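Enquirer: Sharing a structure, written as structure tokens. Questions coming.
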Amino acid sequence: MGLIFSGFGRLPLKSLAVFEAAARHGKFSAAAAELAMTQAGVSQHIAQLEADLGVSLFDRKHRGVALTSAGTHFQLSVEQGLRTLSDGVASVRRLGSERTVDILTDFGFAAWWLMPRIAALSELMPQVEIRLVTTQSEIDASSADFDLGILFGRGEWTGCTSRLLFREEVYPVCSPAYLAGRSAAPSLDEIARMRLLHLRSNAPQRWFDWDEWFAGMGAQSPGRHQELVFNNYQIVLQAVLLGQGVGLGWAPLIDDLVASGSLVRLSEKPLFSKRGYHIVRPVRTGETDPLADVIATWLLGEHGQIGEGAHLQ
């Protein structure tokens, strides 16, 4: 009596798994060791499968087995079917009530934009554990393990899809204490004479610096004088908040600080680039992630509109 493939009740999944292992190893003994079975048990499953199919799948030889032409053809179908089943099981498990979602981003975005809003995201998905994974280094999205990323760049990450959340927009900011006694709307020359706080690292520069900002405003860079240099944007903002000088502020990371009066914006004309923060999703064959879809939609709904200003390529 043949197998019934129009339904799944008679599909011999155990025998198919045994066949796949035997075909891959070319030995029943190796398949038995992998599957924690006896060699006789493997032979029995293969014999039953051959009887059901009505064809020989293996040529038995002295030092092992070799696939017949029918076996070779069948191996491709079995491998594809088992892979599809495995992907389906993994996808369903991610939909369980105990799901976790790993969000990958940098320190600055996590601290100044995402953290003030993370409670709202948690309330949106109360059955989901949200794991925030942060780094200060440039992120290799092709090798990182994450469900959704908010990454800074030009939107090109190998093995991932991306959608722009907001583009790079900067303007100078300082604390009200540092501004005391100075003009609330300083000229470019006046800003150039202030203590400038710099963000630099040993890695290639990926964001605006002061030289680019002055060039974008049509002014000459003031050169090096009374400046402080940091390699972490969180520390730059802390120094600005403490009245140590003027820093470049990335919108909308600092919008809340400006709105609350903790920071003062020194120029109404922002500088834009083609870089920005993107919602990045790893491409996984044959599956989508509904929870990551929800988070992506929430992020797009949370971000503000960006006005017009100067542009750098």
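Enquirer: I need the full set of residues from the range 211-233 which are farther than 16 Å from GLU169 by Cβ and aromatic (Phe, Trp, Tyr), in order please.
Expert: Matches in the range 211-233: PHE214, PHE230.
Enquirer: Here's something else I'd like to know. In this structure, is ASP145 at pLDDT 85 or above and acidic (Asp, Glu)?
Expert: no
Enquirer: Does any residue in the range 38-53 that is assigned by TED's automatic domain parsing to the domain that holds VAL65 and part of a loop (DSSP other than H, G, I, E, B) come within less than 7 Å, Cβ to Cβ, of a residue that is surrounded by 15 or more Cβ atoms within 10 Å (Cβ to Cβ) and of a type in the set (A, V, I, L, M, F, W, C) six or more places away or on a different chain, and which pairs are these?
Expert: That search, which allows pairs on different chains as well, returns THR38/ALA32.
Enquirer: Next up: Whether any residue in the range 234-248 is of a type in the set (Gly, Ala, Ser) and in contact with a Lys or Arg (Cβ under 6 Å, 6 or more places away or on another chain) is what I want to check. Before the answer, list the steps.
Expert: In the first step, residues of the range 234-248 are kept if they are of a type in the set (Gly, Ala, Ser); the result is 239, 243, 245, 247.
Among the residues that remain, those that are also in contact with a Lys or Arg (Cβ under 6 Å, 6 or more places away or on another chain) are: 245.
Yes, the conditions are met somewhere in the range 234-248.
Enquirer: Test of understanding: among PRO186, PRO176, PRO172, which residue is in the same structural domain as GLY223 (by TED's automatic domain parsing), in contact (Cβ under 8 Å) with a residue 24 or more places away in the chain and touching a Ser or Thr at 6+ places or on another chain (Cβ under 7 Å)?
Expert: Among PRO186, PRO176, PRO172, only PRO172 is in the same structural domain as GLY223 (by TED's automatic domain parsing), in contact (Cβ under 8 Å) with a residue 24 or more places away in the chain and touching a Ser or Thr at 6+ places or on another chain (Cβ under 7 Å).
Enquirer: Collect the residues in the range 196-214 that are within 19 Å of SER267 (Cβ to Cβ) and exposed (fewer than 15 other Cβ atoms within 10 Å of the Cβ), keeping them in residue-number order.
Expert: Answer for the range 196-214, where residues must be within 19 Å of SER267 (Cβ to Cβ) and exposed (fewer than 15 other Cβ atoms within 10 Å of the Cβ): just ASP211.
Enquirer: Take residues that are at pLDDT 90 or above and within 29 Å of the chain's Cα centre (by Cα) and tell me which of the strands (runs of 3 or more DSSP E) falling wholly in the range 208-313 contain 2 or more. Quick ask: steps written out before the conclusion?
Expert: Numbers: elements: 228-230, 247-251, 271-282.
Output list reads 247-251, 271-282.
The values are calculated or read from the model by the stated rules, or taken from the named source; none is laboratory data. The structure displayed is predicted, hence computed values, not measured ones. When we count neighbours, we look across all protein chains shown, and the Cβ atoms used for this are built from the backbone with ideal geometry, even at glycine.
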